[in-house]
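What follows is a short report on a single structure.
The values are calculated or read from the model by the stated rules, or taken from the named source; none is laboratory data. Keep in mind it's a predicted model, so treat the numbers as computed, not measured. Reconstructed Cβ throughout: ideal geometry from the backbone, glycine too, with neighbour counts over all protein chains shown.
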Amino acid sequence: MNPVIIPNIDPIPLPAPVWLLQSLLYLTFILHIFPMNLILGGGLVAVALAVLGRSPARGRYARLARQLAAVLPVAVAAAVTLGVAALLFLQVLYGPLYYTATVLIALPWISVIGLLIVGYYAYYYFGLRRSAGNTPPIWAGILASLVFLCIAFLYANMATLMIRPEKFAGMHGLGTHGILLNTNEPMLWPRYLHFIVGAIAVTSLLVMIVGLVQRRRDEDYGNWAVQLGGILFVAATVAQMIIGVWQLLMLRTDVMMRFLGEDTTAMLTLGGAIFLALAAIILILVAALGRARLGMTIAGIIALVGTIKLMVIVRGIVRTGYLGSNYVMADQPVRAQWLLIAIFFILLLAGLALVVWMLHAVIARRGMPSAPSQTTTPGSATGA
């Protein structure tokens, strides 16, 4: 077995206590997850709807595809903006691990910048090159979806490699000049698929929100969108739970057993996430069946947010379990800079307010037309 070699911790003191930085990492990552899910799941769902909407008899699929496509460029901007903060906190707390992992996969990792630019412009073309009655350019949606699936795969490689410092020396000794990926990691593929399917589930809730908004203008179309989003959410969440069992089984035995009874906190956290996911399935299913759609959808969204919050904590428990005594954050020196922390909170709240305003502008006005306006006679546009 290769020796565990980790670069020394940066001697520069941390600007805040470890517990606060860890909490901010969780908070910013949770905020980052939602637009990130829309980037992945939204593209896949919008492309599928656009393909189905090519038939004139399925005009409402094309209409929904246009509405989702309009949100995607904004989702990319929000994900990048919110992701910067999460990445900075990750670097501060796990710098020696993060930088070592990214250097070992240097060439694929640096390609994320170019891929992001291509994906961003492809989503802009996909979302803006549309007109009433026509589907968005499918090739642009496919290109962007493939690009962001690739980026997600590279991030999954980095995230799984940085918590396996015992691999560092062996990968460095191969002399591959940063072209290898962590593809021999047992938990890589279930973790990657778990995230993709989860992204589709989150996007399904956006479809339901679109339907609820559109019911004011076109009740039949709005109810159809709510039902479609609800069915897709239930299917994706059930699939995600199955993949989650696979991911649990692929964890290292000592880490897996923490969730199976050896660690009460870990067991309750995972159990709470499963409970909330089941609650979200039931609530969204009731909404899709047409009963108290607004109230049930809101309750389902709240349950899903709770699920994601707990799963982020589970992610942290897995990271801590794998690292063990090889890397202890409490060993880092701390010199709190409370003024800078206060400024960060002010700017974070201002940024979140701006993002919410942008999403509202897209969803409520520009991104969601009531119906295709192909004719000039009043009342002739059906949006069927």
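Observations
- All positions within segment 231-251 that are of a type in the set (V, I, T) and closer than 19 Å to L270 by Cβ: T237, V238, I242, I243, V245
- Any hit, segment 260-268, residues being outside any helix (DSSP H, G or I) and either acidic (D, E) or touching a residue at least 40 places away in the same chain (Cβ under 8 Å) (or both): yes
- For segment 66-88, the tally of residues that are under 20 Å from the mean Cα position of the chain (by Cα) and under 27 Å from P137 (Cα atoms) stands at 15.
- Residue within segment 190-201 that is part of a helix (DSSP H, G or I) and farther than 30 Å from A70 by Cα present: yes
- Checked against (1) more than 30 Å from W19 (Cβ to Cβ); (2) among the hydrophobic types (A, V, I, L, M, F, W, C); (3) at pLDDT 95 or above, L276 meets all criteria but (1).
So that you can scan it fast, the table gives a plain yes or no per residue for (1) under 29 Å from L352 (Cβ atoms); (2) buried (at least 21 other Cβ atoms within 10 Å of the Cβ); (3) at pLDDT 90 or above; (4) of a type in the set (V, I, T):
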residue: S111; (1), (2), (3), (4): no, no, yes, no
residue: L115; (1), (2), (3), (4): yes, no, yes, no
residue: F126; (1), (2), (3), (4): yes, yes, no, no
residue: T135; (1), (2), (3), (4): no, yes, no, yes
residue: I142; (1), (2), (3), (4): no, no, yes, yes
residue: I151; (1), (2), (3), (4): yes, no, yes, yes
residue: Y155; (1), (2), (3), (4): yes, no, yes, no
residue: T160; (1), (2), (3), (4): no, yes, yes, yes
residue: A169; (1), (2), (3), (4): no, no, no, no
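- Any hit, segment 60-75, residues being buried (at least 21 other Cβ atoms within 10 Å of the Cβ), touching a residue at least 12 places away in the same chain (Cβ under 8 Å), polar (S, T, N, Q) and closer than 27 Å to K309 by Cβ: no
- Matching residues, segment 324-358, being within 22 Å of P17 (Cβ to Cβ) and within 24 Å of the chain's Cα centre (by Cα): F344, F345, L347, L348, L349
- Matching option when the condition is free of Cβ contacts under 8 Å to residues at least 40 places away in the same chain and either assigned to a helix (DSSP H, G or I) or over 25 Å from L31 (Cα atoms) (or both), among L283, L294, L251: L283
- Scanning segment 277-307 for residues that are aliphatic (A, V, I, L, M), surrounded by 21 or more Cβ atoms within 10 Å (Cβ to Cβ) and farther than 21 Å from G222 by Cα yields A277, L304.
- Some residue of segment 37-52 being more than 21 Å from the chain's Cα centre (by Cα) and in contact (Cβ under 8 Å) with a residue 60 or more places away in the chain: yes
- The single condition among (1) assigned to a helix (DSSP H, G or I); (2) crowded, with 18+ Cβ neighbours inside 10 Å that L181 does not satisfy is (1).
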